[in-house]
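Read the figures in this text as sums done on the coordinates, not as results from a lab. No experiment lies behind these values; they were computed from the predicted model shown. Virtual Cβ from ideal backbone geometry, glycine too; neighbours counted across all protein chains shown.
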Ligand code: ADP
Ligand code: ZN
């Protein structure tokens, strides 16, 4: 019989998969897509079989140790998607699969062996494994068996699996932590006086200590904290409970806001426009895609819902992608309302174990619709019939680490491989997607808001000439915006105020010598924070106390520049004391579900003014919001990045779209110093096509996507000279390659990145421009240079969304 070998991808940055021998005893169970346990150095890791071959490509390969699952974890289509990703983005195959399979299914997850009912009596070597297992209550980790018996046990265990004496399963690393409740110890009844305590706790000093610790912790604490961090024994905890002075209870650790949340029932009838968009989606050929180009409030969600319903009717499953699941509770509740238990919501609050569970339910077809952010594009939905990408222009659809995939591209590949239909939706599509409507992507417009409600009028307020309100400190506050807010409050309506800069002030500067406080580790100024007060770096988290004097000239006065959301909030609280104000930015939403709490309060009418960064611009549908104010439209306008105009336009158009969604209508005020910038002009007219047309022309020269494709090759490392010279060598190599093969590409650089240092690493880049296919060839060559050269690293970013 011929020997067979498996190419196994491991979730590590290795250039190539490893080869393992498949012992005959494993039979035909080792097939592509299957998880296997393999030895790697001194560890046993879980890997994924990529190929099975009768040729060995390594000398003396080790054996595959075990096959824990009955079925392959990845379908052939997902396997092919992973290979495509590795090839297209120049990423190690193992990392491509790592992003496909949830974390709980990988790595050093423990393999658990359990005794099957009634099996006994295996003599010889197998006998001691069985006896040991019995002594462990029938179930234990394989690695502990090897340790206890002081010899390798995999061959024996594999044999026992074949005769059904034991079974294997892989325990995700965090199943223990996955529990949603936690045991707490809480004081009950009246607190004894100190004299009473002397009697109650006589000769029980530990119990008294525990009692008083609980008292100082506000009357209750988690048992785990008391035992693990504070060192109280289980016995002391039990004894205190027996005295009746304390009680064990359960508190919820994390609350899934989607589980019990009110579901929203969909509107019963489609409008004519929605109906014709839906028909076009249904008529798409398998593998084809469409852009649902609907203005804000045009009812795109209902079209997605009905398209999903149709897929289910056809006996197929669907994936619905949203930019950030925490920011789109309304979309999720609409899908829950329509499909109930058919849905698996893949949100960031899931533990690795829960995520792996959701994954299995989808794989087995017990859930047929997956809703989630970027990585849900890999959801193993059985018989996939539809992929929806809501707000397809959002930057969060691009993965920030290798493989640096774009969700839209992956979705396109999956749709073609599985014969699914792809629906991209946006009021402000990316230029790339817009370009594709000329070339195969169907364009489905929804030009009007539901109920023929007009889009809110946008007034551009030119900060250079407009009268300012008095007494607003450093905040640029026009009389127009001031009056609009007063009127909104008087009518008991709500307003959103967008300021895309968190913190108190953008930076601190000495008015005398001009010195700006910079991060010692990054090439960026430190942001001033007031709650709590500090200078903080938004890239690396570096923090230092607010200085009183200039470190260069010792001038005692330091000036804050660039108003941030904290400062705006303080000003608003003073100016509109009767208003209920909330702020939503990274600093107020760092805890789980804090987004939902703020948004729920707005929905219930408990907030009058919501201040926020770009977070408040997305997908929210609050009919009582009648005013949107953009406090400073210029924050992102002149960033050194080819997408800064596009991003500004999208942000303005999206946030403007939050106003006037109810019968009371609404208006938008945009404060700026660049009223003639085309991003502002077109956003002011709600004319997305006008913007796309003009911006597309600007992308011709110098060429930027979609006029050309891009690959950004970024070297980074602690030594600036080293990084610079590697980047120079890479640029020379690219130039030589292009000359030798006469490739139609342009090599730009080497040059320092606009952010030349982040987290103590210097960054230089080489930018390639040219046709996508040619760049693909260069990427495949460049990927061979990926191996780490000392502390200097190369990142290949194909189709970058930003060049900062
Ligand atoms: P978009 O995502 O395009 O901005 P939404 O999907 O949020 O718009 O829809 C806007 C509002 O219109 C929602 O409150 C939704 O419930 C309502 N709506 C959508 N379609 C209909 C319909 N056919 N009939 C009545 N109301 C609708
Ligand atoms: Zn920093």
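List of remarks:
- Computed over segment 554-667, the alpha-carbon pair-distance distribution with 5 angstrom bins reads 2, 10, 17, 21, 21, 14, 8, 4, 2, 1, 0, 0, each value a whole percent.
- Cα centroid separation, segment 708-772 to segment 597-613 (Å): 45 Å
- Calculated Rg and Dmax of the chain using C-alpha coordinates, Å: 30.1, 94
- The chain - mean residue ellipticity at 222 nm from DSSP helices (-39,500 (n - 2.57) per run, n ≥ 4, rounded to 500): -9000 deg cm²/dmol
- Here the label points at residue 382 and residue 131, each 7 Å from Cα along the C-beta direction, are separated by 4.4 nm in the simple model.
- Computed E for residue 516/residue 601 - FRET, C-beta separation, R0 56 angstrom, nearest 0.05: 0.90
- Spin-label pair residue 676-residue 83: with each label point 7 Å from Cα along the Cα-Cβ axis, the two points sit 5.7 nm from one another.
- Relative packing of 468-474, 376-382, which averages over residues the other C-beta atoms within 10 Å, highest first: 376-382, 468-474
- Taking the average, over residues, of other Cβ atoms within 10 Å as the packing measure, peptides 681-687, 336-342 rank 681-687, 336-342 from highest down.
- Rel. contact order, % - alpha carbon contacts under 8 angstrom, at least six apart, segment 569-631: 36 percent
- Computed from the Cβ-Cβ distance with R0 of 41 Å, the FRET efficiency linking residue 148 to residue 31 stands at 0.80.
- With both labels modelled 7 Å from their Cα along Cα-to-Cβ, the residue 223 to residue 12 distance reads 3.9 nm.
- What the Cα atoms of segment 314-362 give is an Rg and a Dmax of 11.4, 32 Å.
- Placing R0 at 45 angstrom, the Cβ-Cβ distance between residue 697 and residue 41 gives a FRET efficiency of 0.20 after rounding to 0.05.
- Relative contact order, percent, the chain [alpha-carbon distance under 8 Å, six or more residues apart]: 10 percent
- Shape category assigned to segment 48-98 from the gyration tensor of Cα positions, a/c cut at 1.5: oblate
- Cα shape, segment 430-511, gyration tensor, a/c 1.5 rule: oblate
- Antiparallel DSSP beta bridges within the chain, as percent of all bridges there, nearest 5: 60 percent
- Stretched out straight at 0.36 nm per residue, the stretch from residue 554 to residue 760 would grow longer than its current Cα-Cα span by 71.5 nm.
- Anisotropy class of segment 300-432 from Cα gyration tensor, a/c 1.5 cut: rounded
- Highest mean packing comes first when the peptides 150-157, 475-482, 450-457, 321-328 are listed by Cβ atoms within 10 Å, giving 321-328, 475-482, 150-157, 450-457.
- If both residues of a DSSP beta bridge must be in segment 506-610, then about 85% of such bridges are antiparallel.
- Centroid-to-centroid separation of segment 563-591 and segment 19-94 [C-alpha atoms, Å]: 53 Å
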